[in-house]
Amino acid sequence: MYSDFPQMSDSLDDAWNKKVFRAEYIVPQNPYKINDTLSITVKEAWIEHCWKYNKAGKIAYIPDYQLIIICDSKDIKQYPSNWTIGTTDGPNFRSCARDCIMANFEDIPNDHIELIVQKGRLANNKIPEIIGKFELRKKPQSVEN
């Protein structure tokens, strides 16, 4: 079970059970409409402490946090080739499974996260074409471990 690589929980409940859960996030409306043609249905969203399995098979924290969003797979089918959440100089989401995207944060984000959505992949050498925004809010009854 030892891993040199960061792991991620399979679900919000899994994060709770592993004791890496920090907070749950929700979208203002679901599905979240990014623009006239793009929307994303968020099934679960949570932030957890980055972690891996140590040589004893126990969970070991790694600096930073990861925000994981479980979505309807059809909503992120073109991700990240046609659109991307975030920027090259800030948090940006990457695919982590067929129905999942995730981003790393140095600290637990505030109660409100708002990120730009840009056309195409992230690129360091061009000005992004902004096509919308994506926002999450910490669930009011969400209790940090």
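The values are calculated or read from the model by the stated rules, or taken from the named source; none is laboratory data. Quantities reported herein were computed from a predicted structural model and do not represent experimental measurements. Please note: Cβ atoms are built from the backbone with ideal geometry, for glycine as well, and neighbour counts cover all protein chains shown. These accessible areas exclude ligands, DNA and RNA; they are computed on the full protein's heavy atoms, side chains included. Shrake-Rupley method; radii C 1.70, N 1.55, O 1.52, S 1.80 Å.
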Whenever you get a sec, line up ASP75, ASP89 from highest to lowest accessible area (probe 1.4 Å, protein heavy atoms). ASP89, ASP75
Return a whole-number percent for the relative contact order of the chain, with Cα pairs under 8 Å and 6 or more residues apart as the contact set. 25
Shape call for the chain from the C-alpha gyration tensor, a ≥ b ≥ c root eigenvalues: rounded (a/c under 1.5), prolate (a/b greater than b/c) or oblate? prolate
Taking the chain and counting helices only, DSSP H stretches of n ≥ 4 at -39,500 (n - 2.57) each over all residues, the nearest-500 ellipticity at 222 nm comes to -1000 deg cm²/dmol
Taking a ≥ b ≥ c as the square roots of the eigenvalues of the Cα gyration tensor, with a/c under 1.5 meaning rounded and otherwise prolate when a/b exceeds b/c and oblate if not, the stretch 2-70 is prolate
What stretch of the chain, leaving out the sites themselves, is the longest with no trypsin sites (Lys or Arg not before Pro) in a DSSP loop having at most 16 other Cβ atoms within 10 Å? 20-54
With the other protein chains left in place, how much accessible area per residue, in square angstrom, belongs to the chain at a 1.4 angstrom probe? 57
Go through the stretch 9-18 residue by residue and turn each phi into a ³J(HN,Hα) via Karplus (6.51, -1.76, 1.60, θ = phi - 60°); whole Hz please, and just put x for glycine and proline. 6, 7, 7, 4, 4, 4, 4, 4, 4, 7
If the reach is capped at under 17 angstrom between alpha carbons, list the lysines near LYS74, excluding any in the same chain fewer than eight residues apart. LYS33, LYS43
Between ALA97 and ILE127, Cβ-based FRET efficiency (R0 35 Å, step 0.05) works out to 0.70
The stretch 7-42 residues near the modelled LYS74 label - backbone nitrogen below 12 Å, point 7 Å along Cα→Cβ: 41
Residue-by-residue Karplus 3J(HN,Hα) for the stretch 28-35, coefficients 6.51, -1.76, 1.60, Hz, glycine and proline x: x, 9, 10, x, 8, 8, 7, 7
Taking placed amide H atoms and a strict 5 Å upper bound, the residues 5 or more places from GLY132 or on another chain that come that close are VAL117
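Please go through the stretch 76-137 and write out the chymotrypsin sites (Phe, Trp or Tyr not before Pro) that DSSP classes as loop and that have at most 13 other C-beta atoms within 10 Å.
Sites meeting the loop and neighbour criteria: none at all.
In the stretch 31-78, what percent of the accessible surface is made up of carbon and sulfur (1.4 Å probe, ligands and nucleic acids excluded)? Can you show the working numbers first?
On the way: 1160 of 2400 Å².
C and S atoms contribute 48 percent here.
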Exceeding 27 Å between C-alpha atoms, which entries from my cross-link table qualify? They are LYS18/LYS138; LYS52/LYS119; LYS55/LYS138. LYS52/LYS119; LYS55/LYS138
Please list, by residue number, every one of the GluC sites (Glu not before Pro) in the stretch 53-145 that is coil in DSSP and has at most 13 other beta-carbon atoms within 10 Å. GLU106, GLU129, GLU144
Residues whose placed amide H lies under 5 Å from that of TYR25, excluding near-sequence neighbours: ALA45, TRP46, ILE47, LYS139
How much length is gained on full extension from SER81 to LYS19, taking 0.36 nm per residue of separation minus their Cα-Cα distance? 18.9 nm
Using unit Cβ charges (K, R positive; D, E negative) and no other charged atoms, how large, in debye to the nearest 20, is the dipole of the chain about its Cα centre? 300
Taking r as the C-beta separation of ASP4 and LYS58 and R0 as 22 Å, the FRET efficiency to the nearest 0.05 is 0.90
